[in-house]
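Here is the structure we will look at.
The values are calculated or read from the model by the stated rules, or taken from the named source; none is laboratory data. Since we're looking at a predicted model, the values are computed, not measured. Neighbour counts run over all protein chains shown; Cβ positions are idealised from the backbone, glycine included. The accessibility values were calculated without ligands, DNA or RNA, using every heavy atom of the protein model including side chains. Shrake-Rupley method; radii C 1.70, N 1.55, O 1.52, S 1.80 Å.
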Amino acid sequence: MILSGFYRVSNLLKSKSKLCRVWTRNVKSESSSLTLRQQQNGIRRIILNNPKKRNALSLPMLESLRENILIDSESEDLRVIIISAQGPVFSSGHDLKELTSTQGQEYHSKVFHTCTEVMNLIQDIPVPVIAMVNGVATAAGCQLVASCDIAVATDKSTFATPGVNVGLFCSTPGVALGRAVPRKVAMEMLFTGRPISAHDALLHGLISKVVREERLEEETLAVARRVCESSRPVVALGKAAFYKQMSQGRDAAYASACAAMLENLTLRDGQEGIRAFLEKRHPVWSNSPEKVNT
């Protein structure tokens with residue numbers, strides 16, 4: 001079952017998040033040297049906060065980002081996450097100082113494993129994750145944008161996978177990039193390292209929307225607030241079902257999607273939404289995974 005499988009993932013997230021639990025009921029603001037976290041009205045904002053190093057996804061940055069995604073991720077009070085950054089660079093990708101031979105392969109493995117865990121986590125958690133991009137996103141920074149469910153960027157933003165230019169092909173960023181844009185577009189970006197504009201990124205499906213810089217926050221928050229208007233378990237089920245069917249062939253994808261819709265109909269909020277539509281009123285969501293008798 002889609003939802004039961006999803007809540008197995010949610011339970012795993014819950015057990016991890018207990019290691020770093022800090023919570024206030026309405027507004028939350030936590031900071032470290034690398035990230036900021038704020039939460040209000042269901043919207044969590046995670047801000048990469050190392051502009052002097054171009055918000056590089058160093059191992060400490062990745063660990064901080066992972067913590068800020070995980071903490072209370074199973075809470076009904078969390079409805080959507082926005083990832084943004086301080087400064088003119090969203091993220092320049094991995095910190096190359098961590099990838100020299102003096103660090104050793106064990107450390108390198110930990111960097112790539114943690115990065116993969118963060119990218120997978122973004123798609124596995126029960127709420128949508130939005131990238132709010134103002135500036136440059138390269139290499140693993142581009143991977144981060146590609147991994148998010150939605151991405152809003154300014155017309156000044158650019159995107160690239162330039163690892164080939166420094167002798168380190170962007171193989172792991174290519175996983176997310178190749179699932180977000182057409183293959184030949186991904187290959188050109190990976191082989192040449194040349195950046196693409198925000199408008200080209202929109203054309204090819206890497207991002208969802210391009211806005212003027214002064215409207216970036218307003219437009220991104222408008223998307224986040226719209227997500228908050230829907231039932232949390234319905235969104236959670238839909239997100240899990242979407243990513244599952246994307247990895248399947250057509251027939252298996254339809255079978256998975258049908259199973260998801262049947263499961264959706266067993267949710268209390270699924271039935272509430274249908275009743276509200278038929279009765280011409282606004283639905284009153286429980287935001288609980290509770291099921292009805294069918």
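Per-peptide packing, taken as the mean over residues of other Cβ atoms within 10 Å, places 238-249, 74-85 in the sequence 74-85, 238-249 from highest down. For the chain, the per residue solvent-accessible surface stands at 51 Å², with DNA, RNA and ligands left out and a 1.4 Å probe.
Prolate is the label for the chain, because a/c, from the alpha-carbon gyration tensor with a ≥ b ≥ c as root eigenvalues, is 1.5 or above and a/b exceeds b/c.
For region 61-144, relative contact order (Cα pairs under 8 Å, six or more residues apart, normalised by length) works out to 52 percent.
Percent antiparallel among DSSP beta bridges with both residues in the chain, to the nearest 5? That works out to approximately 40 percent antiparallel. The long axis of helix 183-192 is offset from the longest Cα principal axis of the chain by roughly 30 degrees. Protection proxy ranking for 278-291, 159-172, using the average of other Cβ atoms within 10 Å per residue and placing the highest first: 159-172, 278-291. Counting only residues at least eight positions apart within a chain, or on another chain, the aspartates and glutamates with an alpha carbon under 18 Å from that of K110 are E63, E67, D95, E98. Among the listed pairs K97/K156; K239/K291; K52/K156; K209/K244; K53/K97, a Cα-Cα separation exceeding 21 Å is found for K97/K156; K209/K244.
Accessible surface of region 197-285, 1.4 Å probe: 59 percent of it comes from carbon and sulfur atoms. Charge dipole (Cα centre; +1 on Lys/Arg Cβ, -1 on Asp/Glu Cβ; no other charges) of region 70-129 amounts to roughly 320 debye. Here the contact order of the chain, divided by its residue count and restricted to Cα pairs under 8 Å and six or more residues apart, works out to 16 percent. Quick check: from the Cα gyration tensor, does region 48-163 come out rounded (a/c under 1.5), prolate or oblate? In terms of gyration-tensor shape, oblate. When +1 charges are put on Lys and Arg Cβ atoms and -1 charges on Asp and Glu Cβ atoms, the dipole computed for the chain relative to its Cα centre reaches about 140 debye. Farthest towards the positive end of the charge dipole of the chain, among the residues G135, G270, H204, is the Cα of G270, using unit charges on the Cβ of Lys, Arg, Asp and Glu. In order along region 161-169, the Karplus-derived 3J(HN,Hα) couplings, from 6.51 cos²θ - 1.76 cosθ + 1.60 at θ = phi - 60°, round to 10, x, x, 4, 6, 10, x, 10, 4 Hz, and Gly and Pro are given as x.
Summing Lys and Arg as +1 and Asp and Glu as -1 over all other residues whose Cβ lies under 11 Å from the Cβ of D269 gives a net charge of +2. A dipole drawn for the chain from +1 and -1 charges on Cβ atoms has a positive end, and of F112, V181, V284 the residue lying farthest that way is V284.
Summary value for region 132-271: 23 percent relative contact order, contacts being C-alpha pairs under 8 angstrom separated by 6+ residues.
Only the Cβ atoms of Lys and Arg (+1) and of Asp and Glu (-1) were treated as charged; on that basis the dipole of region 163-224 about its Cα centre amounts to roughly 380 debye. Each stretch of four or more DSSP H residues adds -39500 (n - 2.57); spread over every residue of the chain, this sum gives -14500 deg cm²/dmol at 222 nm.
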